[in-house]
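**Student:** Have a look at this one.
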Amino acid sequence: MPPINLKAGQLNSNETKELLHFFAYHANLGIKYWQKNKIYEFDGKQFIFKNNIYQRQGKHGFCYEVISNKEPIGEGSFGTVRLIKNTLVIKNEEVNFKKEGKDKSRRVVKIQDHSTEDSEKNLEKEYQLSKKAVHLGIKEPTKTILDGTIRSYTTMKLLPGKELYDILDDDQKGIRVLTLAKRIELSMALLQALKHQVTAIEIIHRDIKPKNILVDLGPPIRVNILDYGMSIKSDGTISKCEGPLAYIAPEVFHDKIISDKSDVFSMGRVLALIWRGYNDTYASFFQRFAEKFSAERLLINLFDKLEELEEDSRILIFKALKGMLEFHPNDRSNIDNAIENFEAVNIALSTVKQLNSSSACENLEQTFSNLDGERKQLETLTNTNSSFFSSKAGKEEQKSCNNIENQQALST
């Protein structure tokens, strides 16, 4: 038999029956993976597949996922992510080829090697928590043994968009600069994603950063949070500090205490980048938790090159971010507070667009009627920052900061 292309319309009825018997025989033996271009003998016939295939549990029996031969979608310490070419669903002695799910989404597979018992346990923990995040569409992992190593195949949805890391990198380099409207829409979408994809399902993510967030700029903007490998239940505890220093909450670093507000802090660090708040505290070498940095200190350089942003809007954004970045969790915004504060920013920016109408001016005046205190606070912070960078120590730190590539901040 020539190499089999497992694709709709490629097999006649006899070949389909032979394939059914082949898979049934191997299922009884506990075999769940078949390599491409390898010869398999069964019932006096040879079977060769053009793609790697693995078996997984479906709703009504076994399914067989055909892995695409295209380049991986992603690779890293998390493993390798590849596109699923199509899915073979066997039901009532019939084979159906499915390229898409019911919602028209494609699927991918995350392939991981597990060399330790802890790694295998973490796979099960990640699966159980990821099941609660329904946007992932995750399936129960298939485990096989290849060359003495346990390898897992975890099927999930192919989600739209690109990493927030790449979007921010393009924005900073001027390749695709985000408008103010996109910045506030993206900020709101990120907060809603944190609420509904993490906090509301009683999970603490612990690894919120630009590389773990997929964004489809739309319109409308859609956000999906990825990689629940470090997640714990909301009532869980931790014994050690894990995660990127640039985004980790101070109570996690200092006291090994964690809560949903720890994720709020991490998202606050992400949102500060959207509002051009890059500074030295995002650099991998910078031990910012050697002392208790205030939220104001973390927000140095906010609004860099955003000259078109009105002062009153700046005050509202600063206030919203400061609430998310308070050092002590008891002083920090929860996710609902953060959403409410950015909704005020959204209203303010929307109102600014309508300044030609007198009613809009009245609304704007009312919106900003209580902002004098915040304005003075922002002016004080600006003066403080200016004094800091004019000092000898400040000049040295600014010199170090200027030598850091902005993209280092995003990948930390």
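The values are calculated or read from the model by the stated rules, or taken from the named source; none is laboratory data. Computed from a predicted model, the values in this text were never measured in an experiment. So basically every Cβ, Gly included, is an ideal-geometry build from the backbone, and we count neighbours across all protein chains shown.
**Student:** Would you be able to tell me the number of residues in the stretch 302-319 that are touching a residue at least 40 places away in the same chain (Cβ under 8 Å) and either within 17 Å of Asp280 (Cα to Cα) or among the hydrophobic types (A, V, I, L, M, F, W, C) (or both)?
**Tutor:** Of the residues in the stretch 302-319, 6 are touching a residue at least 40 places away in the same chain (Cβ under 8 Å) and either within 17 Å of Asp280 (Cα to Cα) or among the hydrophobic types (A, V, I, L, M, F, W, C) (or both).
**Student:** Residues in the stretch 152-206 that are over 30 Å from Ile67 (Cα atoms), assigned to a helix (DSSP H, G or I) and of a type in the set (S, T, N, Q): how many?
**Tutor:** Final tally of qualifying residues: 4.
**Student:** As an exercise: evaluate Gln46 against (1) loosely packed, with under 12 Cβ neighbours inside 10 Å; (2) in contact (Cβ under 8 Å) with a residue 40 or more places away in the chain; (3) in contact with a helix residue (DSSP H, G or I) (Cβ under 8 Å, 6 or more places away or on another chain) and give the number of the one condition it does not meet.
**Tutor:** Single failed check for Gln46: (3).
**Student:** Please find, among Lys36, Lys98, the residue that is within 21 Å of Leu159 (Cα to Cα) and not assigned by TED's automatic domain parsing to the domain that holds Ser231.
**Tutor:** Step by step, each of Lys36, Lys98 is checked, and only Lys98 is within 21 Å of Leu159 (Cα to Cα) and not assigned by TED's automatic domain parsing to the domain that holds Ser231.
**Student:** Still on this structure, please answer the following. So, His205, is that one closer than 19 Å to Val134 by Cβ and either surrounded by fewer than 23 Cβ atoms within 10 Å (Cβ to Cβ) or in the same structural domain as Leu321 (by TED's automatic domain parsing) (or both) or not?
**Tutor:** So His205 fits the description; yes.
**Student:** While we're on this one: Do you know which residues across the stretch 72-95 are modelled with pLDDT of 85 or more, closer than 15 Å to Gln57 by Cα and either outside the structural domain of Glu18 (by TED's automatic domain parsing) or buried (at least 19 other Cβ atoms within 10 Å of the Cβ) (or both)?
**Tutor:** Thr87, Leu88
**Student:** Considering (1) farther than 30 Å from His196 by Cα; (2) touching a Cys at 6+ places or on another chain (Cβ under 8 Å), say which one Ser68 fails and leave the rest.
**Tutor:** (2)
**Student:** Please work out if Gly137 is within 17 Å of the chain's Cα centre (by Cα) and under 15 Å from Leu217 (Cα atoms).
**Tutor:** Spelling it out, it is not the case that Gly137 is within 17 Å of the chain's Cα centre (by Cα) and under 15 Å from Leu217 (Cα atoms).
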